[in-house]
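The values are calculated or read from the model by the stated rules, or taken from the named source; none is laboratory data. For clarity, every value in this text was computed on a predicted model and none was experimentally measured. A quick note on method: Cβ atoms are made from the backbone with ideal geometry, for glycine too, and the neighbour counts reach across all protein chains shown.
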Amino acid sequence: MFSGRVPSDLAPNRIAAARAAAAPPFDLTASNPTACGIAYPAGLLDALADRAGLAYRPHPRGLESARGAAAAEYRRWGVEVDPERIVLTASTSEAYAFLFKLLAEPGDAVLVPSPSYPLFEHLARVEGVEALPYHLNPELGWRPDLDVIASAPAGVRAVVVVHPNNPTGSFVHPDDAAAIERLAVTRGWAVIADEVFLDYPLAGGAGSGRSFAGRERALTFALGGLSKSVGLPQLKLAWIVAGGPQELVDAALARLEFIADTFLSVGTPVQLALPALLRDGAPVRAAILERCRTNLDELQRAAAAVPEVSVAPPGGGWSAALRVPAVVGEEELALELLEEDGVAVHPGYFFDFPSAGTLVLSLLPDPAAFAEGVRRLLARVRAHLGR
Ligand SMILES: Cc1ncc(COP(=O)(O)O)c(C=O)c1O
């Protein structure tokens, strides 16, 4: 009776089931910025009460004032964006859904980085599209295997880059961005650049501070949104910036407008409030960045005491990958940490890390809880090493 777009087995996995039984006191997977003790300025949401929000005058691409405010964000990256090239959506996830509808027939495919954000598989599947992974190479600072991308089968309609990637933290190297763009032009693909973490440089690296918005050669969609840039996922507002050859951009925008018009999913009050939210939300962004840097420093300091453990310094983003010796399976270790130590971590296989022995930690938790969680985690690894 039901479509194959939704998996038939929806039972929670072992880790989710163990977490449901008892909430972990040291949750190193916490990545909801509104639940991590980040300070939000008083009055940040006042603009949502604007009485202009009592009138419903929908615009499928989004209100001009909101698109103008989103466009102005790109000045931080030295790019002038035309607000006419922006379409608002309720979230980046919805932006992916719109773009997959725009670009792919059912059964077509999109290339996605691996390891990366596990939601891609579901986002593609519910649109009737296949997510084909291309590998990022840990030996090369998580740069992509361009040969794999070049040999992608017919039926691929777009290549997704995540800049910086979640959870490897790697920025797309400018040489790889140019190579991917060239391949996209040759193969007739669009480039979808997820830049939701661009505001959060940690170790930085080539590509840091550069946006895909404003790239001229291939049809390119740069994605951003309030969820990460101001730590307000609950307000449900994100944006797509279309770029590339004008004729293609115009054709894409007309069709995106048609798709957006069938849903009109972005609320009027949040659109009216966007200029104020982006202006007054800057301290939230700064506080989140500070939090990530503090926790990363602590993780590196603590991990330095256990030679078998290493932290690959993330270029940017909200998470870090910890390499641990494969003395016990990732899932067993994650379950032990949960059940014995009250510490929640993600095993690397959730994100398709290529080698066993990776744990992924969010850098957002309260620093005291983070430090204690890391202490317990390292103590358990040491115990497995017999020390
Ligand atoms: C790479 C990446 N893109 C998009 C999102 C989701 O953003 P949104 O809340 O706008 O759907 C996330 C959330 O963690 C993410 O990691």
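In this structure, does Ser362 turn out to be of a type in the set (S, T, N, Q), within 27 Å of the chain's Cα centre (by Cα) and over 19 Å from Ala30 (Cβ atoms)? Spell out how you get there, then give the answer.
Numbers: of a type in the set (S, T, N, Q): yes; within 27 Å of the chain's Cα centre (by Cα): yes; over 19 Å from Ala30 (Cβ atoms): no.
Answer is no for this residue.
All conditions but one from (1) crowded, with 18+ Cβ neighbours inside 10 Å; (2) not in a helix (DSSP H, G or I) apply to Pro354; the one that does not is (1).
Count of the stretch 64-100 residues, restricted to those that are away from the ligand (no atom under 16 Å from the Cβ) and either surrounded by 20 or more Cβ atoms within 10 Å (Cβ to Cβ) or part of a helix (DSSP H, G or I) (or both), is 15.
Selection of first residues in the stretch 256-269 that are assigned to a helix (DSSP H, G or I) and of second residues that are of a type in the set (Gly, Ala, Ser), restricted to Cβ pairs under 7 Å at least 6 apart or on distinct chains, gives the following pairs, ordered by first then second residue: Thr268/Gly53; Pro269/Gly53. Pro167 - would you say it is within 16 Å of the ligand (Cβ to nearest atom) and farther than 24 Å from Arg5 by Cβ? Taking the combined requirement at face value, the residue satisfies it. Check the stretch 264-284 and report whether any residue there is under 25 Å from the mean Cα position of the chain (by Cα), within 16 Å of the ligand (Cβ to nearest atom) and of a type in the set (Lys, Arg). Within the stretch 264-284 (the criterion being under 25 Å from the mean Cα position of the chain (by Cα), within 16 Å of the ligand (Cβ to nearest atom) and of a type in the set (Lys, Arg)), the answer is no, since none of the residues qualifies. Considered as a group, the residues in the stretch 293-343 that are of a type in the set (A, V, I, L, M) and within 16 Å of the ligand (Cβ to nearest atom) include one that is nearest to Pro115 (Cα to Cα), and that residue is Ala321.
Return the residues of the stretch 229-273 that are of a type in the set (Val, Ile, Thr) and under 16 Å from Ile86 (Cβ atoms); say none if nothing qualifies.
Across the stretch 229-273, the qualifying residues are Ile240, Val241, Val249, Ile259, Val266, Val270.
Among residues of the stretch 196-224 being outside any strand (DSSP E or B) and in contact with a Ser or Thr (Cβ under 6 Å, 6 or more places away or on another chain), the one that is nearest to the ligand (Cβ to nearest atom) is Val196.
Please indicate, with yes or no, whether at least one residue in the stretch 231-243 is under 25 Å from Pro313 (Cβ atoms) and in contact (Cβ under 8 Å) with a residue 60 or more places away in the chain. Checking the stretch 231-243: at least one residue is under 25 Å from Pro313 (Cβ atoms) and in contact (Cβ under 8 Å) with a residue 60 or more places away in the chain. Answer yes or no as to whether Phe263 is at pLDDT 95 or above and either crowded, with 24+ Cβ neighbours inside 10 Å or not assigned by TED's automatic domain parsing to the domain that holds Glu80 (or both). Considered against the rule, which asks whether it is at pLDDT 95 or above and either crowded, with 24+ Cβ neighbours inside 10 Å or not assigned by TED's automatic domain parsing to the domain that holds Glu80 (or both), Phe263 comes out as no.
If you go through the stretch 48-73 and keep only what is basic (Lys, Arg) and farther than 19 Å from Arg279 by Cα, you end up with Arg51, Arg57, Arg61.
Mind listing just one residue for me: the one in the stretch 225-234 that is outside any loop (DSSP other than H, G, I, E, B) and in contact with a helix residue (DSSP H, G or I) (Cβ under 6 Å, 6 or more places away or on another chain) and, of those, farthest from the ligand (Cβ to nearest atom)?
Looking only at the stretch 225-234, we keep the residues that are outside any loop (DSSP other than H, G, I, E, B), and these are 225-229, 233-234.
From what is left, the residues that are in contact with a helix residue (DSSP H, G or I) (Cβ under 6 Å, 6 or more places away or on another chain) are 225-227, 233.
Values: Gly225: 4, Leu226: 8, Ser227: 3, Pro233: 5 Å.
In this case the residue turns out to be Leu226.
Scanning the stretch 233-260 for residues that are exposed (fewer than 13 other Cβ atoms within 10 Å of the Cβ) and within 26 Å of Gly281 (Cα to Cα) returns a single hit, Gln234.
If the condition is being part of a loop (DSSP other than H, G, I, E, B) and within 30 Å of Val129 (Cβ to Cβ), then the stretch 7-22 contributes Pro7, Ser8, Asp9, Leu10, Ala11, Pro12, Asn13. Annotation note: of Tyr74, Tyr96, the sole residue that is among the aromatic types (Phe, Trp, Tyr) and either in contact with a helix residue (DSSP H, G or I) (Cβ under 8 Å, 6 or more places away or on another chain) or modelled with pLDDT under 95 (or both) is Tyr96.
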